[in-house]
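Down below is the structure, laid out as structure tokens.
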């Protein structure tokens, strides 16, 4: 059964990345897996989308370094605002201090670019399966 055939509906993902090529590839890959995907070109746009409809997003995938609002501030604002969904940081190389700060928020996973698409998709599938088991 594909995610879109489930009675709980497809996993709803918000992807925030200022790199259009990375975002496009990620969105295409996720949609091909049956997930419902929205995009934001920076952290501020993603924060606005989360503020408008926080309960409609199951998973936030964010870059770390973005204009207007970075991934840490986005994830922190989401958690401080009561966002209950999962958060994956999908970013360029991060220092150990940045990783620790992110995990303390908490975020659910960190993947450094270039990350294995197979590993990223496996983690997303796991998040979707956990969501379905709770439904």
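Observations on the structure shown:
- Any hit, segment 26-38, residues being buried (at least 19 other Cβ atoms within 10 Å of the Cβ), free of Cβ contacts under 8 Å to residues at least 60 places away in the same chain and either touching a strand residue (DSSP E or B) at 6+ places or on another chain (Cβ under 8 Å) or not in a strand (DSSP E or B) (or both): yes
- Within the span defined as segment 93-110, one or more residues are free of Cβ contacts under 8 Å to residues at least 24 places away in the same chain and assigned to a strand (DSSP E or B).
- Some residue of segment 63-77 being in contact with a helix residue (DSSP H, G or I) (Cβ under 6 Å, 6 or more places away or on another chain), in contact (Cβ under 8 Å) with a residue 40 or more places away in the chain and assigned to a helix (DSSP H, G or I): yes
- Top-ranked residue in segment 79-92 [being under 13 Å from residue 124 (Cα atoms) and part of a strand (DSSP E or B); ranked as modelled with the lowest pLDDT]: 90
The values are calculated or read from the model by the stated rules, or taken from the named source; none is laboratory data. Please read all numbers here as calculations on a predicted model, not as lab measurements. Here the Cβ is made from the backbone with ideal geometry for all residues, glycine too, and neighbour counts use every protein chain on show.
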